[in-house]
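Heads up: the structure comes next, in structure tokens.
The values are calculated or read from the model by the stated rules, or taken from the named source; none is laboratory data. No experiment lies behind these values; they were computed from the predicted model shown. Note that each Cβ is placed from the backbone with ideal geometry, even for glycine, and that neighbours are counted across all protein chains shown. These accessible areas exclude ligands, DNA and RNA; they are computed on the full protein's heavy atoms, side chains included. Shrake-Rupley method; radii C 1.70, N 1.55, O 1.52, S 1.80 Å.
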Amino acid sequence: MKILYVDLDGVVADFEKGKNNHPLCNVSPYKRRPDKLPGIYENLDPINGAIESVNLLLLSTKFDVYFLSTAPWDNPNAWTHKRLWITKYFDEKLIRKRLILCHHKQLMIGDYLIDDRRFNGASEFKGDWIHYGSENFPNWKSVLNYLGL
Ligand SMILES: [Mg+2]
């Protein structure tokens, strides 16, 4: 099986929408650091097609799937909220203990990383970085197509 990592924000969870709907989004210091917004990671909506697509990957015999996300160091509740968020949207049997939170994605051994941003080591990932939201991978349909699903 190929090891495949899936980022959360901007790939599976709609951080952009959650940020814009947060009552403190235009208040300092959150305007510049939306990742510090209180409770921001708790109630994010999923990205269109993401849940269905990740379920296909989880159920596929071709891929060993893990979530690989970064939780803000200065927003410790975010670490808990990300853990709770994935069990809200996915069958726990499929994703139990498959959440990796770190700031150094380049250290992870694996074949694919689906990530919307280059930060926290994503662009230095040793496997194949599937740049979600880029011209080649504008949506989940294009990602699944690339992965042969
Ligand atoms: Mg992201």
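So for segment 1-12 (the condition being in contact with a strand residue (DSSP E or B) (Cβ under 9 Å, 6 or more places away or on another chain), among the aliphatic types (A, V, I, L, M) and open to solvent by 30 Å² or more (accessible area, probe 1.4 Å)), does at least one residue qualify? Yes, segment 1-12 has at least one match. Under the condition of being open to solvent by 60 Å² or more (accessible area, probe 1.4 Å), assigned to a helix (DSSP H, G or I) and under 18 Å from L58 (Cβ atoms), the residues counted in segment 85-115 number 4.
When only residues in segment 116-126 that are assigned to a loop (DSSP other than H, G, I, E, B) and touching a helix residue (DSSP H, G or I) at 6+ places or on another chain (Cβ under 6 Å) count, which is farthest from D74 (Cα to Cα)?
Of segment 116-126, the ones assigned to a loop (DSSP other than H, G, I, E, B) are 116-121, 125-126.
Next cut, touching a helix residue (DSSP H, G or I) at 6+ places or on another chain (Cβ under 6 Å) only: 120-121, 125.
On the way: N120: 15, G121: 19, F125: 24 Å.
Result: F125.
Within segment 21-38, residues that are within 18 Å of H81 (Cα to Cα) reach partners that are among the polar types (S, T, N, Q) with beta carbons closer than 6 Å, at six or more positions or on different chains, in the pairs K36/N75. Just need a number here: residues in segment 127-143 that are within 17 Å of P46 (Cα to Cα) and outside any loop (DSSP other than H, G, I, E, B). The number of residues fulfilling the criteria is 3. Restricted to segment 13-45, and to residues there that are of a type in the set (G, A, S) and more than 16 Å from the ligand (Cβ to nearest atom), the residue that is surrounded by the fewest Cβ atoms within 10 Å (Cβ to Cβ) is S28.
I need a count of the residues in segment 48-79 that are over 24 Å from H104 (Cα atoms) and either among the charged types (D, E, K, R) or open to solvent by less than 90 Å² (accessible area, probe 1.4 Å) (or both).
Start the filter on segment 48-79 by keeping residues that are over 24 Å from H104 (Cα atoms), which leaves 48-49, 51-53, 55-56, 59-62.
The next check asks that each one be either among the charged types (D, E, K, R) or open to solvent by less than 90 Å² (accessible area, probe 1.4 Å) (or both); those that pass are 49, 51-53, 55, 60, 62.
The qualifying residues number 7.
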